[in-house]
Amino acid sequence: MKNTIFLSNTFVAAVALALLVPATAAGEDVLMQAMREELARTMDELRMEGMDEPYFVAYTIRDNEQVSVGASFGALLPSSTSRTRWLGVELRVGDASFDNTNFRGMGFFGGGGSASLPLTDDVVEIRRQIWLATDDAYKNALKQIAAKRAALQNETRVEDLGDLSPQEPYEYAEEPGAELPRLDEVEGLVRDLSIRFRDMPHIMDSRVGAHAARGRTYYVNSEGSSFIRSDPTAFLSVTAQTQADDGAMLHDFRAVHAHGWDDIANRGDLAAEVEAMGAAISERRSASALEDRYIGPVLFEGQAAAELTAQVLLPRLSGVRTPETERRFSARRSGNPFLDKLGARVLPRFMYLADDATLTGNGFVGGYPVDDDGVPAQATSLVENGILKTLLTTRNPVRGIDGSTGNRRGGGPQPSNLVMTNKRGMTREELYDELKLLMEEREAEYGIVVRRLGNPGLMPASGFSFNIGFAGPGAGQSNVADALVAYRFYPDGREELLRTVEFAGIADSVFKEIVAASDSNTIYTRGGSWGFASGLVMMVGGGLGLSPSSGGTVTLSVPDLLFEEMSVRNPTGNLPHPPVAEHPFFEE
Amino acid sequence: MRSGVSSKVFAAGIALAGTSLFAVDATAEGSVLKAMKAELDRSMEVLGDEPVPPYFLSYEITETEGMSAGAQFGALVFSNSSRRRVLDIDLRVGDYGLDNTRPLRGQGGFSFFGTDMVVAPVEDDADAIRALLWHETDKRYKSAMEELTTVKTDVQVTVEAEDKAGDFSREEPSKGMEHARPIEVDLADWEEKVQQYTAPFAAYGDFYEARASFSANVETRWFVNSDGSEIQTSETLYRLFISASTKAEDGMVLPLYKSYIALTPDSLPDDESVARDVANMVETLLALRDAPLVDPYTGPAILSGEASGVFFHEILGHRVEGHRQKLEDEGQTFKKLLNERVLPANFSVHFDPTMTRHGGTDLVGTYRFDNQGIPARRVTVIDKGILKAFLLSRRPIDGFPQSNGHGRKQAGFMTVARQSNLIVEVTDPLTADELKGELLAAIEAEGKAFGLRFEAIQGGFTTTGRFMPNSFNVTPLVVYRVYPDGREELVRGVDLIGTPLTTFSKVAAGDDQIAVFNGTCGAESGGVPVSAASPSILVSQIEVQKKGKSQDRPPLLPAPIGDDRLGFAVY
């Protein structure tokens, strides 16, 4: 009986679809239409008797087309092309002052539903998946809020921040970005760069990788916000590794991020960069090692200054609160230490720091027009006169910070374009004079200048290994990657190349000890391991399960930085033996 | 055209089973194999001068080229093609009696060594391939030396091992050369087909999942070792998988699937048979929603050919894998039962990787050489009810010093003994009616209210170790209650469980209805394609336990499909 009714209804629906296809515009409208229709149905009808109703619902669809290519020693590694359409549902029950989020219990609660969607613009099937994922998300939300109420019934909340900050509705739509490059085009460039390593006998292992994606994000929420955003990304990386005669492993990398593949393909300097990198690595094989520990002034220039900022300061800039927990969990507040530093000094008096997602061009690729909550991009002044003013937030309320700064990327807040400025910018000459002065004060034989710093996301492929935590950072310290290019700088201006330099636990407060900075900035973009960090934020934030993060690329604009005192040493640990056989290509 | 050539090769394989299957055509030898051979020879020479030289080295490069497409409820959700190559190195220091690969005792059975996936270039570029081989061989050599030191210490400090066989068997080299096969389907056709196959499910609001996925894969392997083996093989696999699920009012998710796996596209079903199967699935799913639950029960049951194939795979197959007779933390259920009766005298069980078809169905557990370059061969494990042999890789066990061509693995894993095509043979079988008659007689004799008949199953699993109960679980999808008057009723909510020796002793009879179950078997050496061909069997006593179930209610709102709000004109 039931079957026949369903069948006849579907028949009617099919006819309606057939009639309407010509009248409907592009597939984009189908996606927005499907989300809006299910949103209306959810808000009007989805409820269980005597239970909380949904008060906020947001749907996100990410349509992503991508190309990934790699090569090693001039030959292509497996490449992949794919197209996916992914749905995320954020459904909140209760109200903005107390809802199902910001809670972590013993049970596993998926924060919201998700699904993969048809690649065809089939409105009925897209709606079916939204319907099923929403149903899941609603039931999960009811379980979450019940567990949260149960956990809190015997406690007085010290902090009552609410769970969703208010936001004006905002609508935005942009045109699709450029087409993806052809696979063979990307393969061609990658192979061409990789084959250069056949002229570098000392390089034992190298990889060139490229990735281009053409993402479109569609968003609607129950407050009237909606957007269609293009999220194009392109990325090229080169890593290479050699081993000195005594066994020390030496590597370096180059990475280029851009919005479109053309911006990478049209750069004429890539091959020369790769060759220069290879030559620099080879040069380090015969460079001297630090015989002892060094404590004294260290100057970070260019990439090294930006990378250091990214590793130490950047992870502290996201305002993520600690969720409520069941009493069975220890109430250890392991949040971001900067949450307690609002209004305190984090940089020297002459320095400023801002995040600005609206910046584009001039090498800035971390920005976007609207964030993943549908909040328009904005500039946020983070540090003024060295004092921490605010942190970057989503709509998840954080103590001491008013509303969202429009920095939701994936599950939590992330910086976009980070700009560090200073009122006492020095010329290169002045900066080196300052370094000499610091050396003189300490009667140091030499100072250390770091020009390239490793990026943990771009280490050479080393296979399976465990990181055993003996050398982990102490409390209030950061792990920083080894310096790849560093020099001893002597008072007479002479420089002596060092092989690799390791930092002995850098204190969180180290940025307060900047003595001087240059008058010009290096613009440096970074991705990679960031995506992983956002996954952690997502879990802590208890927000929706937006698994494929929108990229998480961050551009930093940072001056050269001179630090009063740092402790550096030759990398600890024993050295592996060099290979038994010679490289077969370079034998004889 | 191509498939004609391939089937001729297969025919030769069957005829010549047990010997080297292919003549080597020197001119056709690919550049990949040549590069591998050159680097292998160089490595053995250079490393041979070291204080601890390797006594054995093999390289295997596995290329997987594939295309796949999937749809749900009639709409396409993915479509990709891919090609990748993975390198595996087996480098051994020590000697055949004791080498670096011996599992450490008393430290749990799992080793991280060998799961380190090395991606190789996908181009036939000898210089790049050799550069990779050189770099990885050096790494493997250094870790092998470390492993050997650990192994030697372990042997010193632990009690004497029960199994005295060494770590590696001496074998004759093999040569074989087969040209890479192409994928013989058009992805665009299959994008259409998977949508077409799942479209009928879209008419129903109470199916919560309905998917079809198709994949076509060619696996090309290049293998060289220091014994002098040089092998290139190419195997194709085509799969179509249709799954759908609904939910009963009590929250129980009711899945159903239909799987088709074939060695050539010709062996895949045509659109009409798939449509028929889909219509059957729809009907069964709707019936399952209203089917009564079965309580835990013990009594007689019939396992259909498909179910009994998985039953034999789990309770017998995994327990005759050679290395499990050797590892001290394994249950070793059958080790001491060699030459003893374990099944009725009219039951024989063979593992035969040289067979490619059985009763009109492809057998996907076929191969020509195993992952250690040993030619595939038929192994009779149970002969007329008597246990006769185990499945062996090049890791010998007491009484079985040689491999019998069952060293298998997924690319990136370390080889162990695995199953191939499991063939259950029953002499003087009953007819299906006679088998059911036996079931009714058993119900009557035991005074049971009903018996069970397992028709379709999802799969199964088993634990073979000593620290967990040595048991198995076969997960049925379609089960019937059979009443003494012969009437059958569809039921739901139970899994078939048991312990191997007890259950095996209850196998009573088999019929002449052979069915083939093709699937992927996962174990410590990764996923490998296997099949089981078996008749329906009567087991005089089985046990079923309640199936785990979701506590979530079915969706609150009706599906958007039958909903009159679906007014397209509004927008």
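The values are calculated or read from the model by the stated rules, or taken from the named source; none is laboratory data. Please read these numbers as outputs of a predicted model, since none were measured by experiment. A quick note on method: Cβ atoms are made from the backbone with ideal geometry, for glycine too, and the neighbour counts reach across all protein chains shown.
Restricting to the stretch A:72-101, give me the number of residues that are within 7 Å of another protein chain (Cβ to nearest Cβ), among the hydrophobic types (A, V, I, L, M, F, W, C) and touching a Phe, Trp or Tyr at 6+ places or on another chain (Cβ under 9 Å).
1
Quickly run through the stretch B:52-89 and pick out the residues that are surrounded by fewer than 19 Cβ atoms within 10 Å (Cβ to Cβ) and touching a Leu at 6+ places or on another chain (Cβ under 6 Å).
Of everything in the stretch B:52-89, just one residue is surrounded by fewer than 19 Cβ atoms within 10 Å (Cβ to Cβ) and touching a Leu at 6+ places or on another chain (Cβ under 6 Å), namely B:Pro53.
Restricting the search to the stretch B:293-340, which residues are surrounded by fewer than 24 Cβ atoms within 10 Å (Cβ to Cβ) and among the aromatic types (Phe, Trp, Tyr)?
The answer is B:Tyr297, B:Phe334.
If you take the residues of the stretch B:295-326 that are assigned to a strand (DSSP E or B) and not small (Gly, Ala, Ser), which of them is nearest to B:Phe517 (Cα to Cα)?
Out of the qualifying residues, it is B:Leu303.
Has the stretch B:367-377 got any residue that is in a loop (DSSP other than H, G, I, E, B), farther than 30 Å from B:Val86 by Cα and modelled with pLDDT of 95 or more?
No, the stretch B:367-377 contains no residue that is in a loop (DSSP other than H, G, I, E, B), farther than 30 Å from B:Val86 by Cα and modelled with pLDDT of 95 or more.
Checking B:Ala126 against (1) crowded, with 16+ Cβ neighbours inside 10 Å; (2) at pLDDT 95 or above; (3) closer than 25 Å to B:Asp99 by Cβ, which single condition isn't satisfied?
Of (1) crowded, with 16+ Cβ neighbours inside 10 Å; (2) at pLDDT 95 or above; (3) closer than 25 Å to B:Asp99 by Cβ, only one is false for B:Ala126: (3).
Table: residues versus (1) farther than 30 Å from A:Ala444 by Cα; (2) modelled with pLDDT under 95.
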| site | (1), (2) |
| --- | --- |
| A:Ala533 | yes, yes |
| A:Leu544 | yes, yes |
| A:Pro548 | yes, yes |
| A:Gly552 | yes, yes |
| A:Val558 | no, no |
| A:Leu562 | no, no |
| A:Glu565 | no, yes |
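Is it the case that A:Ser518 is modelled with pLDDT of 85 or more, more than 14 Å from every other protein chain (Cβ to nearest Cβ) and surrounded by fewer than 16 Cβ atoms within 10 Å (Cβ to Cβ)?
Against the criterion (modelled with pLDDT of 85 or more, more than 14 Å from every other protein chain (Cβ to nearest Cβ) and surrounded by fewer than 16 Cβ atoms within 10 Å (Cβ to Cβ)), A:Ser518 does not qualify.
How many of the residues making up the stretch A:128-156 are charged (D, E, K, R) and touching a residue at least 24 places away in the same chain (Cβ under 8 Å)?
Residues that pass the stated criteria total 5.
From the set of residues in the stretch B:383-415 that are outside any loop (DSSP other than H, G, I, E, B), touching an Asp or Glu at 6+ places or on another chain (Cβ under 9 Å) and hydrophobic (A, V, I, L, M, F, W, C), which is nearest to B:Glu219 (Cα to Cα)?
My answer is B:Leu391.
Please give the number of the condition B:Val194 fails out of (1) within 25 Å of the chain's Cα centre (by Cα); (2) within 14 Å of chain A (Cβ to nearest Cβ); (3) in a strand (DSSP E or B).
In the conditions (1) within 25 Å of the chain's Cα centre (by Cα); (2) within 14 Å of chain A (Cβ to nearest Cβ); (3) in a strand (DSSP E or B), B:Val194 misses (3) alone.
Mind listing just one residue for me: the one in the stretch B:135-191 that is among the hydrophobic types (A, V, I, L, M, F, W, C) and in contact with a Phe, Trp or Tyr (Cβ under 6 Å, 6 or more places away or on another chain) and, of those, nearest to the other protein chains (Cβ to nearest Cβ)?
B:Trp190
For the stretch B:428-446: of the residues being in a loop (DSSP other than H, G, I, E, B) and at pLDDT 95 or above, which is surrounded by the fewest Cβ atoms within 10 Å (Cβ to Cβ)?
Looking at residues that are in a loop (DSSP other than H, G, I, E, B) and at pLDDT 95 or above, I get B:Thr431.
Does B:Thr101 satisfy being in contact (Cβ under 8 Å) with a residue 60 or more places away in the chain, β-branched (Val, Ile, Thr) and more than 9 Å from every other protein chain (Cβ to nearest Cβ)?
Yes: the conditions hold for B:Thr101.
Restricting the search to the stretch A:188-227, which residues are outside any strand (DSSP E or B) and either closer than 27 Å to A:Trp86 by Cα or of a type in the set (A, V, I, L, M) (or both)?
Of everything in the stretch A:188-227, those that are outside any strand (DSSP E or B) and either closer than 27 Å to A:Trp86 by Cα or of a type in the set (A, V, I, L, M) (or both) turn out to be A:Leu189, A:Val190, A:Leu193, A:Ile195, A:Met200, A:Ile203, A:Met204, A:Ser222, A:Glu223, A:Gly224, A:Ser225.
In the stretch B:344-354, what count of residues is obtained for those that are surrounded by fewer than 23 Cβ atoms within 10 Å (Cβ to Cβ) and assigned to a loop (DSSP other than H, G, I, E, B)?
3
Pick from B:Arg466, B:Arg418: which is farther than 21 Å from B:Val544 by Cβ, basic (Lys, Arg) and modelled with pLDDT under 95?
Matching residue, one of B:Arg466, B:Arg418: B:Arg466.
Out of the residues in the stretch B:73-87 that are within 7 Å of chain A (Cβ to nearest Cβ) and among the polar types (S, T, N, Q), state the one that is nearest to A:Gln66 (Cα to Cα).
Looking at residues that are within 7 Å of chain A (Cβ to nearest Cβ) and among the polar types (S, T, N, Q), I get B:Asn80.
If I filter the stretch A:153-182 down to residues being of a type outside the set (A, V, I, L, M) and outside any loop (DSSP other than H, G, I, E, B), which single residue comes out as surrounded by the fewest Cβ atoms within 10 Å (Cβ to Cβ)?
A:Glu171
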